[in-house]
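Below is one structure, written out as structure tokens; comments come after it.
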Amino acid sequence: MAYNEKYEEVLKRYQSKNLEAKNAAEARAQELRNKFPEIAEMDAILSKTAIRIISASSSGDNVQQKVNSILEEVAAINEARTAFLIEKGYPGDYSDVKYECPICKDTGYVDGKMCSCLKKELAVAGYQSSGIYKLIQKENFDNFDFSYYTGDDRNNIENIYAASKDFAETFTKNEMKNLLFIGGTGLGKTHLSTSIAKVVIDKGFDVVYETAQKVFKDYEDERFGRAQKNTEGEYPSAKYEDCDLLIIDDLGAEMQSQFNSSALYGIINTRINSEKSTIISTNLTQGEMLDRYSDRITSRLLGNYSVCLFKGKDIRMQKLKNQ
Ligand SMILES: Nc1ncnc2c1ncn2[C@@H]1O[C@H](COP(=O)(O)OP(=O)(O)OP(=O)(O)O)[C@@H](O)[C@H]1O
Ligand SMILES: [Mg+2]
Ligand SMILES: [Zn+2]
């Protein structure tokens with residue numbers, strides 16, 4: 001699937017990362033040998049260490065003693081090599097293998113378990129393919145501020161926040177949960193959608209976040225032959241039906257047309273039938289939604305989605321005034 005390409009990119013890069021670190025170290029060692037005959041000589045001896053130990057081990061008597069003396073010699077050469085490099089103005093460990101992650105040596109795994117470095121990269125790949133990489137950095141559960149809401153609005157948003165957090169933290173593929181965020185401009189709908197996306201991506205699910213305008217444009221491009229298929233032969237719109245969690249922001253901002261209406265019906269209906277979770281936010285009131293969309297759309301939205309009504313004073317304006 002297209003939105004997984006970034007994931008695959010990361011996994012692919014990890015397959016060769018460990019080897020590349022070793023190759024880069026070997027290239028640096030070769031550079032030193034070309035420049036300094038002393039290093040070439042020392043490396044020639046060091047490169048025979050394993051063979052010398054093996055033949056000493058099978059030589060009959062005094063094996064331990066022979067092995068020890070080889071190891072001592074090797075340690076002395078290594079020490080001399082480091083000192084030589086420092087004297088020539090190089091870091092002593094110039095030709096050592098340098099892993100980005102010393103814990104897993106850039107393999108991505110430790111004792112068969114995924115290393116935290118790989119997990120982190122996959123999460124970033126998830127953010128990137130979700131479409132909200134930048135938003136996620138500044139809009140998440142941690143910096144959601146309740147003080148912008150007063151009186152009943154504050155209680156209301158606390159409930160919505162709790163429901164959103166629960167939605168994110170208990171998200172699984174096995175249970176369809178849908179949210180419909182309704183409310184005026186600047187009340188935190190996008191902020192909470194993004195917050196949910198981050199948590200769900202961190203749990204390893206495929207999340208797609210897109211504005212309604214872009215979603216419909218993708219369907220339109222496809223319809224009029226302007227869309228390109230990805231390497232797996234899928235159109236961009238396939239992700240809206242396939243992903244684990246779809247977030248459509250700003251429903252109602254798109255142009256009103258029969259085409260858009262049937263595309264919307266297609267997405268909503270397909271996702272309900274395949275029991276995949278969706279979050280939709282809109283500025284439209286429930287009345288406006290009933291006017292604008294057909295009954296088969298609104299009955300699905302109001303019947304299968306938990307409706308969260310956002311109330312309060314435009315936080316964008318509040319922030320401007322506070323500046
Ligand atoms: N509770 C909050 N704490 C801190 N910042 C917030 C909060 N809610 C919203 N914001 C910020 O205020 C701005 C507007 O919020 P947001 O984009 O979520 O509104 P919205 O409800 O999606 O509005 P619109 O309907 O216009 O899309 C954003 O910059 C957002 O980060
Ligand atoms: Mg918004
Ligand atoms: Zn690691």
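For segment 109-142, enumerate the residues that are of a type in the set (Asp, Glu) and either more than 25 Å from Tyr99 (Cα to Cα) or not in a loop (DSSP other than H, G, I, E, B) (or both).
Selection gives Glu121, Glu139, Asp142.
Considering only segment 184-219, state which residues are assigned to a strand (DSSP E or B) and away from ligand 1 (no atom under 13 Å from the Cβ).
Val207, Val208, Glu210
Does segment 154-168 contain at least one residue that is modelled with pLDDT under 95 and open to solvent by 10 Å² or more (accessible area, probe 1.4 Å)?
The answer is no, given that none of the residues of segment 154-168 is modelled with pLDDT under 95 and open to solvent by 10 Å² or more (accessible area, probe 1.4 Å).
Count, please, the residues in segment 264-304 that happen to be within 28 Å of the chain's Cα centre (by Cα) and among the aliphatic types (A, V, I, L, M).
Total satisfying the criteria: 6.
For segment 143-183, which residues satisfy the criterion of being in a strand (DSSP E or B) and under 24 Å from the mean Cα position of the chain (by Cα)?
Quick first cut of segment 143-183, residues in a strand (DSSP E or B) only: 178-183.
Matches in segment 143-183: Asn178, Leu179.
List the pairs whose first member sits in segment 123-135 and is surrounded by 22 or more Cβ atoms within 10 Å (Cβ to Cβ), whose second member is of a type in the set (Phe, Trp, Tyr) and not in a helix (DSSP H, G or I), and whose Cβ atoms are under 6 Å apart, counting only residues at least 6 apart or on separate chains?
Taking only residues 6 or more apart or on different chains, the pairs are Ser130/Tyr209; Ile132/Tyr209.
Sort out which residues of segment 246-259 are away from ligand 1 (no atom under 12 Å from the Cβ), open to solvent by 10 Å² or more (accessible area, probe 1.4 Å) and either over 19 Å from Ile182 (Cβ atoms) or under 25 Å from the mean Cα position of the chain (by Cα) (or both), and write them in order of number.
Met255, Ser257, Gln258, Phe259
Confirm whether Leu118 is at pLDDT 95 or above, closer than 22 Å to Asn23 by Cα and open to solvent by less than 20 Å² (accessible area, probe 1.4 Å).
no
Output the number of residues of segment 31-68 satisfying the condition of being in a helix (DSSP H, G or I), small (Gly, Ala, Ser) and at pLDDT below 95.
Selection size over segment 31-68: 4.
Might you check whether a residue that is open to solvent by 30 Å² or more (accessible area, probe 1.4 Å), more than 9 Å from ligand 3 (Cβ to nearest atom), in contact with a helix residue (DSSP H, G or I) (Cβ under 9 Å, 6 or more places away or on another chain) and not acidic (Asp, Glu) occurs anywhere in segment 99-109? Working first, answer last.
Taking segment 99-109 first, the residues open to solvent by 30 Å² or more (accessible area, probe 1.4 Å) are 99-100, 102-103, 105, 107, 109.
Adding the requirement that they be more than 9 Å from ligand 3 (Cβ to nearest atom) leaves none.
Scanning segment 99-109 turns up no residue that is open to solvent by 30 Å² or more (accessible area, probe 1.4 Å), more than 9 Å from ligand 3 (Cβ to nearest atom), in contact with a helix residue (DSSP H, G or I) (Cβ under 9 Å, 6 or more places away or on another chain) and not acidic (Asp, Glu).
What tally of residues in segment 190-218 results from selecting those that are modelled with pLDDT of 95 or more, open to solvent by 20 Å² or more (accessible area, probe 1.4 Å) and within 22 Å of Leu302 (Cβ to Cβ)?
1
So how many residues does segment 189-243 have that are more than 16 Å from ligand 2 (Cβ to nearest atom), more than 22 Å from the chain's Cα centre (by Cα) and closer than 28 Å to Lys311 by Cα?
Going through segment 189-243 one residue at a time, the tally reaches 1.
The values are calculated or read from the model by the stated rules, or taken from the named source; none is laboratory data. All figures in this text were calculated on a predicted structure; none of them were measured in a lab. Reconstructed Cβ throughout: ideal geometry from the backbone, glycine too, with neighbour counts over all protein chains shown. With ligands, DNA and RNA removed, areas are computed over all heavy atoms of the protein, side chains included. Shrake-Rupley method; radii C 1.70, N 1.55, O 1.52, S 1.80 Å.
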